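S.K.: Below are the structure tokens for one structure; questions will follow.
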Amino acid sequence: MNADLLEQWQSLGANGLPYIVPIHPNLVHLTLGLFIVAIAFDIVATLFPLEKSVFKFFALPVTRSALFDVGWYNLVAAAIITFFTVMAGLFEVSLAVPLTDVKSAWGLQALETMILHGVGGVIILTLIVVMTVWRGFQRYQWRKDMAQQVQWSYLAAGLIVFALMFVQGTLGAHLGGEFGVHVTADQLLQMGADLNQL
């Protein structure tokens, strides 16, 4: 049985994927970065009247509208890239062969963790798209003539999504770190392979 698993593993590639480096973890960090920057810049722009003197002291030519522009364009980019992040994640988890007889730090089995992580990814994608539409209405309709382009409730929702991203990221870290999903060395050791020969 181990020989068959090892042969199948090698036909997919060293990470159990048809390509060398897993795509999902890289896209996840792009999604996180874009979303965090979007909300952070909207928060800075919202608090701009309080920070104006700081920008002036450092001779930074910052305008409130430019800060809101950065928030908007990063959020649009996050919404687009997150579709690819989720698609790559669902594809890669479909090829996953997690380590057995292991529980995560949260007491979950591999299958439970994979299901929660997959469902969580779709939920976060949905929330990012909803927030992008909400942000678009604020920018181009509801608040287009106002200095503060976003509502406080929008910023609060962004912080809630941050918390959900933390939970989601921790589940993903459990998949790689504890269950060895697409982690070459963990999987090969589990199958009894000699890493020095491979």
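The values are calculated or read from the model by the stated rules, or taken from the named source; none is laboratory data. Small disclaimer: the values here were computed from a predicted structure and weren't measured. Glycine also receives a Cβ, built like all others from the backbone with ideal geometry; neighbour counts cover every protein chain displayed.
S.K.: Looking at (1) among the acidic types (Asp, Glu); (2) over 29 Å from ALA173 (Cα atoms); (3) at pLDDT 80 or above, which one does ASP42 not meet, given that it meets all the others?
M.R.: Among (1) among the acidic types (Asp, Glu); (2) over 29 Å from ALA173 (Cα atoms); (3) at pLDDT 80 or above, ASP42 violates only (2).
S.K.: Moving on. Quick one: which of SER53, SER104 is more than 16 Å from the chain's Cα centre (by Cα) and not in a loop (DSSP other than H, G, I, E, B)?
M.R.: Residue meeting the stated conditions: SER53.
S.K.: Within the set of pairs 6 or more residues apart or between chains, which connect a residue that is farther than 16 Å from GLY169 by Cα and free of Cβ contacts under 8 Å to residues at least 60 places away in the same chain inside region 77-88 to a residue that is surrounded by fewer than 18 Cβ atoms within 10 Å (Cβ to Cβ) and of a type in the set (Lys, Arg) with Cβ atoms less than 6 Å apart?
M.R.: none
S.K.: Of a type in the set (A, V, I, L, M), more than 30 Å from VAL133 (Cβ to Cβ) and either at pLDDT 90 or above or in a helix (DSSP H, G or I) (or both): does that describe LEU111?
M.R.: Numbers: of a type in the set (A, V, I, L, M): yes; more than 30 Å from VAL133 (Cβ to Cβ): yes; either at pLDDT 90 or above or in a helix (DSSP H, G or I) (or both): yes.
So LEU111 fits the description; yes.
S.K.: For residues that are closer than 14 Å to VAL76 by Cβ and among the polar types (S, T, N, Q), tally how many sit in region 132-148.
M.R.: 2
S.K.: Does at least one position in region 50-65 carry a residue that is at pLDDT 90 or above and in contact with a Phe, Trp or Tyr (Cβ under 8 Å, 6 or more places away or on another chain)? Show your work before the answer.
M.R.: Within region 50-65, the subset at pLDDT 90 or above is none.
So far as region 50-65 goes, no, none of its residues is at pLDDT 90 or above and in contact with a Phe, Trp or Tyr (Cβ under 8 Å, 6 or more places away or on another chain).
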